[in-house]
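None of the figures in this text is laboratory data; all of them are computed from the coordinates on show. Note that the coordinates shown come from a computational prediction; the quantities given were computed from them, not determined experimentally. With ideal geometry, Cβ positions are generated from the backbone for all residues, glycine too; neighbour counts draw on all protein chains shown.
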Amino acid sequence: PSTSILIPTLGREDGLKRCQQSIDLLNYPKELIEVIVLDGEGTVPKKMKQGLQQAKGDYIVYGSNDIEFTSDSLRIAIDESIRNEKALIAFNTNEVYPDEGNICEHFIVRKDFALNELRGEIFDIRFHHVGSDNYLWAVAKKYNQAYRSVKAIVNHYHFANGKAPMDDIYELGWSKKEQDRELLKKLLEELN
């Protein structure tokens, strides 16, 4: 299937370059990959909504300027989506925390699921950043459409896993973490 890799970014040119180079090395037909870099002002959820509106692929891939795809990660995730009949496949970015807070950091999602069940918002745009992935996972799980891959590995260079320092970009994304956590709590209660 065709894929659109969305990369919301506010900087980190070296990280963006590393991500793009890893896309070039993916073991997947190049003619089936579309890359959309979403730069400029705005939150990750809003940029992902904008990217979804532009995307032509059957699958949407959430990339970023702090990840690196392994060469078979996309192919494995797509195969697992098809084989397991799941719309959302979370990449293996690290060992899953006991509270599953990092279970869906980066992922692929079928475009039809994003447009219909997610109402055109891969990440709910009411979030600034923190918790948007947790809510996405919860919604997909409610539809029995969430699956975490073990073999589709993406290297995530994030301050939370100790693989990167807390920088200005993370500071901005996490600046409203308490508001986001309250919103997540409220939305999860409503979902149940």
**Request:** Please work out the FRET efficiency for the pair GLU189 and ALA160, using the Cβ-Cβ distance as r and a Förster radius of 25 Å; give the result to the nearest 0.05.
**Result:** 0.50
**Message:** Test of understanding: in a Gaussian network model of the chain with alpha carbons linked when under 10 Å, which of ILE82, ILE67, ILE36 would top the mean-square fluctuation ranking?
**Reply:** ILE82
**Asked** Hey, which of these cross-link pairs are over 18 Å Cα-Cα: LYS47/LYS86; LYS17/LYS177; LYS46/LYS177; LYS46/LYS176; LYS111/LYS186?
**Response** LYS47/LYS86; LYS17/LYS177; LYS111/LYS186
**Asked** Mind checking which of LEU52, LEU88, LEU32 has the largest fluctuation in a GNM of the chain, springs on alpha carbons under 10 Å?
**Response** LEU32
**Asked** Using alpha carbon centroids, what distance separates region 15-54 and region 86-113, in Å?
**Response** 17
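Before anything else, pin down the relative contact order of the chain: Cα pairs under 8 Å, at least 6 apart, normalised by residue count, whole percent.
Values: 353 pairs, mean separation 47.2, N = 192.
Once normalised by length, the contact order is 25 percent.
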**Prompt:** What is the distance, in nm, between label points placed 7 Å from the Cα along the Cα-to-Cβ direction at ASP168 and at GLN21?
**Reply:** 2.3
**Fill in**
Checked against the structure, the computed P(r) over Cα pairs in 10 Å bins from 0, in percent among (1) 9, 36, 36, 17, 2, 0; (2) 9, 31, 32, 20, 7, 0; (3) 9, 40, 40, 10, 0 is the one labelled (3)
**Request:** Kindly provide the pair-distance distribution of region 94-192 built from C-alpha pairs, with 10 Å bins from 0 and whole-percent values in order of increasing distance.
**Result:** 13, 45, 35, 6
